[in-house]
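Take a look at the structure set out below.
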Amino acid sequence: MKRSVLFISLLSLFLFSDAHAEEKIKVVTTIPDLADMTRNIGGNLVEVSSIATGVEDIHAVPMKPSFAVQLNRADLVVLLGLEAEHAFLPALLEAARNPRILRDGPGYIDASVYITPLEVPVRIDRALGDQHPMGNPHYNVDPVMGKAAAKAIADGLSRNYPEHAATFKQNLDAYLAKLDAAIMRWEAEAAPLKGKKLVSYHPDLVYFAERFGMEPAGTIEIRAGIDPTPGHIADLEDRMRREKVDLVVREVQYPAGLAETVAQATGAKLVELPVMSGGTPETRDYISFIDYNLRTMLKAVQGGA
Ligand SMILES: [Zn+2]
């Protein structure tokens, strides 16, 4: 009797400590770019899933009950911030009933804290449907901004799990070194893009353009979240012909037809790009995503595919 009680208590102790040792920090991110960064920084201490897969419009990610379940079980949530996720994250967080990851909760990690946003509006008017009330939130397309996001994620992890801070710091440094090496290569490769003018469907490439010396020359949308009208397209095409715009970018989450028409009407080259990793099969992580976008732009301006 005594022996079997001892055996059972030893067994449960073993099972408990084993389960405990394997228990990972559960992180839910809004986009795959942030999931990849979190995996790089958290290493085998974290278990990460992303709400978006990379093909969605970040301002309109379809909500599924399973997302609320994931968030309910999460220790941390990592988001782009600057209201990019306004259309789905606040509602999902409310449904998830997990006070730890509510805005202002300890587990709410806003990856934009070190970003100085571009295109901050002088007047915010949600009634006009503006999707960028805090400035342009699509900073993930610029790898230097990506470094800032990685630092914010590492800070958030260390704040919540100070006992692992040294590991997170070491992993962050290794990841930043990898990004720095890639950035040096990208900046050299991007030379042919300097001064090239681009029109995109939505204003989600301004940080990319800024980083690599390109000039944003308007959008097919009237402004972020405002659908085009025939009058707007006619004005845009006139201006594109006058200013000799080189490229029309159709982001994978927007319809192809209108971008094609605008490119054909103005003689600009049509380029199709994801604005998050996972948006195409080639963009399996953050570095391959930046790599793919840069190569696709280069191919277009150099007369390739
Ligand atoms: Zn946007």
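Every test in (1) within 15 Å of SER112 (Cβ to Cβ); (2) more than 16 Å from the ligand (Cβ to nearest atom); (3) of a type outside the set (Val, Ile, Thr) is passed by ASN44 save one, and that test is (1).
Selection of the range 241-278 for residues being more than 29 Å from the chain's Cα centre (by Cα) and buried (at least 17 other Cβ atoms within 10 Å of the Cβ) yields only THR266.
Inspect all residues belonging to the range 84-99 and state whether any of them is aromatic (Phe, Trp, Tyr), in contact (Cβ under 8 Å) with a residue 12 or more places away in the chain and within 14 Å of the ligand (Cβ to nearest atom). Yes, because at least one residue in the range 84-99 is aromatic (Phe, Trp, Tyr), in contact (Cβ under 8 Å) with a residue 12 or more places away in the chain and within 14 Å of the ligand (Cβ to nearest atom).
Just so you know, in the range 23-81 the residues that are assigned to a loop (DSSP other than H, G, I, E, B) and either under 17 Å from ALA152 (Cβ atoms) or acidic (Asp, Glu) (or both) include one that is most open to solvent (accessible area, probe 1.4 Å), and it is GLU23.
Every residue in the range 203-219 that is in contact (Cβ under 8 Å) with a residue 12 or more places away in the chain, part of a helix (DSSP H, G or I) and away from the ligand (no atom under 14 Å from the Cβ), please. Within the range 203-219, GLU210, ARG211, PHE212 qualify.
Among the residues of the range 178-202, those identified as open to solvent by less than 20 Å² (accessible area, probe 1.4 Å) and either assigned to a loop (DSSP other than H, G, I, E, B) or under 20 Å from LEU236 (Cβ atoms) (or both) are ALA190, LEU198, VAL199, SER200, TYR201, HIS202.
For the range 220-240, the set of residues classified as in a strand (DSSP E or B) and not basic (Lys, Arg) consists of ILE226 only. Per the conditions (1) charged (D, E, K, R); (2) within 15 Å of the ligand (Cβ to nearest atom); (3) loosely packed, with under 15 Cβ neighbours inside 10 Å; (4) in contact (Cβ under 8 Å) with a residue 12 or more places away in the chain, the sole criterion not satisfied by ASP227 is (4). Among the numbered conditions (1) of a type outside the set (Val, Ile, Thr); (2) open to solvent by less than 10 Å² (accessible area, probe 1.4 Å); (3) farther than 18 Å from ILE287 by Cβ, the only one that ASP142 does not meet is (3). A single member of THR296, THR266, THR261 is in contact with a Leu (Cβ under 9 Å, 6 or more places away or on another chain) and farther than 26 Å from ARG185 by Cα, and it is THR266.
The values are calculated or read from the model by the stated rules, or taken from the named source; none is laboratory data. If you're wondering where the values come from, they're calculated on a predicted model, not measured in any experiment. Here Cβ is always computed from backbone atoms with ideal geometry, including for glycine, and neighbour counts include all displayed protein chains. Areas reflect the complete protein model, heavy atoms only, side chains present, ligands, DNA and RNA absent. Shrake-Rupley method; radii C 1.70, N 1.55, O 1.52, S 1.80 Å.
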